Amino acid sequence: MQRAAPQQFDRVLSSMCTKPHPAAREAAERFLATNPGDPATYQAVAAQEEDALASLGEITGLDDPHGYIASGGTEANIQAIRAARNLIRDDDPNVVAPESIHFSFQKAADVLGVELRIVPVGSDYRADIEAVREAVDDHTVLVAGVAGTTEFGRVDPIPELTDIAHDAGALMHVDAAWGGFILPFTDHEWSFAHAPVDSMTIDPHKYGQAVVPAGGLLFRNKEVLDALAVDTPYLESASQASLTGTRSGAGVASAAAAMRELWPDGYRETYERQQANANWFYNELVTRGYDAVEPELPLVAARLPEPEFESLRDLGWRISRTASGELRVVCMPHVTRESLRAFLADLDDIARGPVRN
C-alpha cells in the first residue's frame, strides 16, 4: 500500500488551521505520550500547560488566568456554557448569541439542554446590541460575543455586551478562537483588559501556529472553572474540569512552544503581513468588479458566481462559502501573496471563458 501523504497547504484558502511552527512540531513530538488530563501523574506536561495558560493570559490581558488547553474552540465554547449553567443553576437556562456565532453553540445547546437564542447582526456584521438586550431575561445564564467572526472577520461590541450580560446576572463569554492571536495588534476592544468578561475561547492551533488539536479556554475567576470539576477517584489527580478525560500532551506542549517563539513580535509580523495580503486581495477583487466585504481582519468575503466558484474548486482550490453565499478567503500564515496571485490568475482564466477560434 502506498504511504499516505499529508494535505498540502498551497491551495488551502478557507481553513482556519495552518502549518505549525517548527518549535511547536518538535515539542509535540516530545510530548506525544503524555496526558495532561492527569496532571499529578504527568507533571512535566502539566508544567507546560501552566506556561501555555500564562502566555494566553498575557495575550488576552488576564493577569491570573484559569483554564486549560482544550481540543479546540468547540470544546471551549461548550465548556463556557456548561460552566455558566452549572454555576447559575437556573431551571430554564438560555444563552443569547448573535447569528455570527460559531456552530459549536448549536452543539452546546443540544448537548447541555440549554435554549439558544440567536439574535441578528447589523449591517456591519456585528451583534445588534438592542436585539441582544431584548433577548436577555431572568433565565439567561450567558451572553456570547465573537472577536473575529469566522465568516466576515468582525469583532462584536464586547464591552457593551458585557454590560448587558452582567446587568442580567449572566456571565459573558468571548469567542476569540480565530481572532485572539491577531487582535492584540489592533485597536479593537475585545479582551479581558477591555471589559470584565468572564470567559474566553482562544485557539493556539489557529493563528497561534500550534499543532492540531490545541484550543484554549480561559476564565477570569477560578470559581467558574471549578463549576466544571468532577471527582476522579482512580487517578492521582483528585478532580478534572476538562470535557475530555485524556487530552493531547502534544497539543499542550506545542501551544506553549509556539507562544514562547512567537509572542509578541512573531505574531505581530504575521498579522501585519497577512492583513496586507487581505487588503491587497480585496482590492484586486473589487478592481475586477466583484462585490467584496472590506476586511477588518485578515479575511476576505466576496460574491462569486456559482460556476466560477465550482470551477475554482475543480482546479484544486480549497475554498468555502459563508452562510449567505460569499466566497471566504482566510489569510492564514501559510497563505502567501504568490498563492493569492495564482488564485486570481485562475479566476481570470475562468471568467474569460473558453477561447474560440
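Structure summary
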quantity: Which listed residue is over 13 Å from the mean Cα position of the chain (by Cα) and either open to solvent by less than 10 Å² (accessible area, probe 1.4 Å) or among the basic types (Lys, Arg) (or both), from VAL155, VAL121, VAL111, VAL143; calculated: VAL143
quantity: Matching option when the condition is in a loop (DSSP other than H, G, I, E, B) and without any contact (Cβ under 8 Å) to a residue 24 or more places away in the chain, among ASP38, ASP63; calculated: ASP63
quantity: Those residues of segment 158-174 which are open to solvent by 10 Å² or more (accessible area, probe 1.4 Å) and within 27 Å of TYR267 (Cα to Cα), in sequence order; calculated: PRO159
quantity: Scan of segment 76-90 for residues that are open to solvent by 10 Å² or more (accessible area, probe 1.4 Å) and either without any contact (Cβ under 8 Å) to a residue 24 or more places away in the chain or closer than 16 Å to GLY180 by Cα (or both), ordered by number; calculated: ARG89
quantity: Selection status of LEU235, farther than 27 Å from GLY61 by Cβ and not in a helix (DSSP H, G or I); calculated: yes
quantity: Residue check, GLN7 open to solvent by 20 Å² or more (accessible area, probe 1.4 Å) and under 30 Å from ARG313 (Cβ atoms); calculated: yes
quantity: Flag if TYR267 is in contact with a Phe, Trp or Tyr (Cβ under 6 Å, 6 or more places away or on another chain) and crowded, with 19+ Cβ neighbours inside 10 Å; calculated: yes
quantity: Yes/no for VAL330 being in contact with a strand residue (DSSP E or B) (Cβ under 7 Å, 6 or more places away or on another chain), surrounded by 15 or more Cβ atoms within 10 Å (Cβ to Cβ), at pLDDT 95 or above and among the β-branched types (Val, Ile, Thr); calculated: yes
quantity: Any chance LYS222 is surrounded by 15 or more Cβ atoms within 10 Å (Cβ to Cβ) and either under 22 Å from the mean Cα position of the chain (by Cα) or over 24 Å from ARG30 (Cβ atoms) (or both); calculated: no
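The values are calculated or read from the model by the stated rules, or taken from the named source; none is laboratory data. Nothing here was measured: the structure is a model prediction, and the numbers come from that model. We place every Cβ from the backbone using ideal geometry, glycine too, and count neighbours over all the protein chains shown. Protein only, heavy atoms only, side chains kept; ligands, DNA and RNA dropped before computing areas. Shrake-Rupley method; radii C 1.70, N 1.55, O 1.52, S 1.80 Å.
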